[in-house]
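**Student:** Have a look at the structure that comes next, please.
Every read-out reported here was derived from the displayed coordinates using simple, explicitly stated rules and does not represent laboratory data. What you are looking at is a predicted structure, and each value in this text was computed from that prediction instead of being measured. Reconstructed Cβ throughout: ideal geometry from the backbone, glycine too, with neighbour counts over all protein chains shown.
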């Protein structure tokens, strides 16, 4: 019988863990054992043991002697650090994107945002809300990945998990945020279309600051 290579099982275990974490089946601050992670993720113990160093390196868990594994806790330090990292990474990424992205990609992004904002304004259906959420995440992923730096892309994706956890019990975009978020994205798109990199950086930083205030409820 041919079995999957251990690295693939480890990666699958990591993916299952993060999905459970975002779904709140695993709670921030919770203490868990390796055996409990086997039950929660449905993955074999060997894969769980291989996954743990990666989770520790990403700051998603830490080992607590004689107690087990503690899942990342949500506190003000995490909020400050996670959003500061977004400022650094996304500011650089949008400057590079502004200088190098094909005009057709920028036009496509702009039109997608206009279309969804118009649909959301006319009738906020579940399908429109889902599309807005996917567009929000894809917008940031595209700008980061366009740098062609897998190290930065990996850091961004781990930080995105932390950002979603910071947003309390609901990791989805709320209906009342769709138009404001898309409008903030469109400010970035307008600067990109003008190839005004300074303004693009300012706009993405303003968007990140707004997201931070929303996460803190201020």
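**Student:** Pairs of Cα atoms under 8 Å, at least six residues apart: use those to get the relative contact order of region 1-148, whole percent.
**Tutor:** Relative contact order comes out at 19 percent.
**Student:** Among rounded, prolate and oblate, which fits region 125-203 when a ≥ b ≥ c are the square roots of the eigenvalues of its C-alpha gyration tensor, a/c under 1.5 means rounded, and a/b larger than b/c means prolate?
**Tutor:** Oblate.
**Student:** So how do 124, 43 line up by other beta-carbon neighbours within 10 Å, fewest first?
**Tutor:** Ranking 124, 43 by Cβ neighbours within 10 Å, fewest first, gives 124, 43.
**Student:** Related question: Candidates [x] 17.6, 68; [y] 19.1, 58; [z] 20.2, 69; which is the computed Rg and Dmax of the Cα atoms in Å?
**Tutor:** [y]
**Student:** Taking the Cα atoms of region 6-71, report the difference between the largest and smallest coordinate on each principal axis, in whole Å and largest first.
**Tutor:** Its Cα atoms span 27, 25, 21 Å along the three principal axes.
**Student:** Report, in deg cm²/dmol and to the nearest 500, the calculated mean residue ellipticity at 222 nm for the chain, where each DSSP H run with n ≥ 4 adds -39500 (n - 2.57) and the sum is divided by the residue count.
**Tutor:** The helix contribution divided over the chain gives -24000 deg cm²/dmol.
**Student:** Something else now. Can you compute the equivalent ellipsoid semi-axes for region 64-116, i.e. the square root of 5 times each eigenvalue of the Cα gyration tensor, sorted largest first and rounded to whole Å?
**Tutor:** 38, 14, 11
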